[in-house]
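Here is the structure we will look at.
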Amino acid sequence: MRSLIAVLAGGTVAAVLFQIGAVLAFVMLYGIPLGAAPGPPSVGYFGLNLGFAALAALAGGRITANLARRRRRAHVAIVAVGLAAMAVWGFSGPASHWPGWYPPTLALVGLAGVLAGGIPRRTGPDASD
């Protein structure tokens, strides 16, 4: 049960923080668009969005590793692969207006971020993987 909680909590935190970051990036660059016609996202938006995605992934990986009692790397890897798959699936497709490079880039940023955030710190005798 603890394994399931670790994976779900880490993935949920990363996904929610990513969404918050996407909204923050939009508001920081464009303000609140009250009735404005949508335009294509700028390079700055993509940069901010990927930066917030990296921070969200780091947090998700850290939470997963902290909640998992055993086999932390396996739990973190499950979250990393799951988030990468969701990024490719969610931002690709015929109805998507994202550039073709964005889904795989977001997937790589998320994968690397979760793995980096979930690397266990070996500080004591009980710091097992």
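General observations
- Positions within the stretch 86-109 being β-branched (V, I, T) and over 13 Å from N49 (Cβ atoms), in sequence order: V88
- Sole residue being surrounded by 20 or more Cβ atoms within 10 Å (Cβ to Cβ), at pLDDT 90 or above and either of a type in the set (D, E, K, R) or not in a loop (DSSP other than H, G, I, E, B) (or both), chosen from G47, G51, G60: G60
- Meets criteria (more than 15 Å from L106 (Cβ to Cβ) and either of a type in the set (F, W, Y) or in contact with an Asp or Glu (Cβ under 7 Å, 6 or more places away or on another chain) (or both)) for Y30: yes
- Qualifying residue in the stretch 20-29 (condition: closer than 23 Å to I119 by Cβ and under 14 Å from the mean Cα position of the chain (by Cα)): yes
- Look at (1) crowded, with 20+ Cβ neighbours inside 10 Å; (2) farther than 17 Å from Q19 by Cα and you find that A87 fails only one, number (2).
- Some residue of the stretch 69-78 being on the phi < 0 side of the Ramachandran plot, outside any helix (DSSP H, G or I) and more than 10 Å from the chain's Cα centre (by Cα): yes
- Residues of the stretch 88-101 satisfying the condition of being at pLDDT 90 or above and in contact with a helix residue (DSSP H, G or I) (Cβ under 6 Å, 6 or more places away or on another chain): V88
The values are calculated or read from the model by the stated rules, or taken from the named source; none is laboratory data. This one's a predicted model, so the numbers in the text were calculated from it and none came from an experiment. No Cβ is skipped: glycine too gets one built from the backbone with ideal geometry, and neighbour counts run over all protein chains shown.
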